[in-house]
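Trainee: Please see the structure below; I have some questions.
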Amino acid sequence: MAKNYLLIYAEQLATDVELLCQNIKAPSNTLFQIRKSSSSVYANIREANYGQSKADMLSKFEIALKECSETEGWLQLLLNTQAISEEAFKAHRNLCGRIRRMLIASCKTLKENAK
């Protein structure tokens, strides 16, 4: 069985963000929001694998894409407030970018196959 790298990366993002949040000082709302958005990326990609239809799968991927963008925004805020280092920011942002690119490609393929 082929590895599902999108799911693997999404799980890594959710895990990494949770560990990051456990080890930094930042406002509780910010930590809650980044935990929520990063875990939503993972949850929606996981759900998409068992979508009821291609349209359902596409919907889950599009939600994950928005949540991935939101996670990047919260990471930027954590960097701006010096809660995380630039190195930590870049590592997490790069993982978000990898997931985002994979989601965009998947959405494009699903839309093209629906025609």
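Trainee: Enter the angle in degrees (range 0 to 90, nearest 10) between the Cα long axis of helix 54-80 and the first principal axis of the Cα atoms of the chain, meaning the one along which they spread out most.
Mentor: Between helix and principal axis, roughly 10 degrees.
Trainee: Using Cα pairs under 8 angstrom and six or more residues apart, how large is the relative contact order of the chain, in percent? Show your work: numbers first, answer last.
Mentor: Details: 108 pairs, mean separation 34.2, N = 115.
After rounding, I find 30 percent.
Trainee: Shifting gears a bit: For a footprinting-style exposure proxy, rank Leu103, Leu110 by other Cβ within 10 Å, fewest first.
Mentor: The fewest-first ordering by Cβ neighbours comes to Leu110, Leu103.
Trainee: Note the angle between two axes, namely the Cα long axis of helix 86-114 and the longest principal axis of the Cα atoms of the chain, as a number of degrees from 0 to 90, rounded to the nearest 10.
Mentor: Approximately 10 degrees, to the nearest ten.
Trainee: Another one. Any idea what angle helix 5-22 forms with the longest principal axis of the chain, computed on alpha-carbon atoms, 0 to 90 degrees, nearest 10?
Mentor: 20
Trainee: Let me ask something additional. Of all the C-alpha pairs in the chain, what % are more than 18 Å from each other? Walk me through the numbers on the way to the answer.
Mentor: Working: 3132 of 6555 pairs.
So the portion of pairs separated by more than 18 Å is 48 percent.
Trainee: List Phe32, Phe89, Phe61 from most exposed to least, where exposure is judged by having the fewest other Cβ atoms within 10 Å. Write down the numbers at each step before the final one.
Mentor: On the way: Phe32 12, Phe89 17, Phe61 23.
Ordered by Cβ neighbours within 10 Å, fewest first: Phe32, Phe89, Phe61.
Trainee: Length gain on complete extension for the stretch Asn23 to Lys54, per 0.36 nm per residue less the alpha carbon to alpha carbon distance?
Mentor: In short, 7.2 nm is gained.
Trainee: Take the cross-link list Lys66/Lys115; Lys60/Lys108; Lys3/Lys90 and give me the ones stretching past 21 Å between alpha-carbons.
Mentor: Pairs exceeding 21 Å: Lys66/Lys115; Lys3/Lys90.
Trainee: Relative contact order of the range 9-50: what whole-number percent is it, with Cα pairs under 8 angstrom and at least 6 residues apart?
Mentor: Answer for the range 9-50 is 58 percent.
Trainee: Run the helix sum for the chain: -39,500 (n - 2.57) per DSSP H stretch of 4+ residues, divided by residue count, reported at 222 nm to the nearest 500 deg cm²/dmol.
Mentor: Using -39500 (n - 2.57) per qualifying helix, the result is -29000 deg cm²/dmol.
Computed from the coordinates by the stated procedures, all read-outs in this text should not be read as laboratory data. On a predicted model such as this, the values are computed, not experimentally measured, just so you know. Virtual Cβ from ideal backbone geometry, glycine too; neighbours counted across all protein chains shown.
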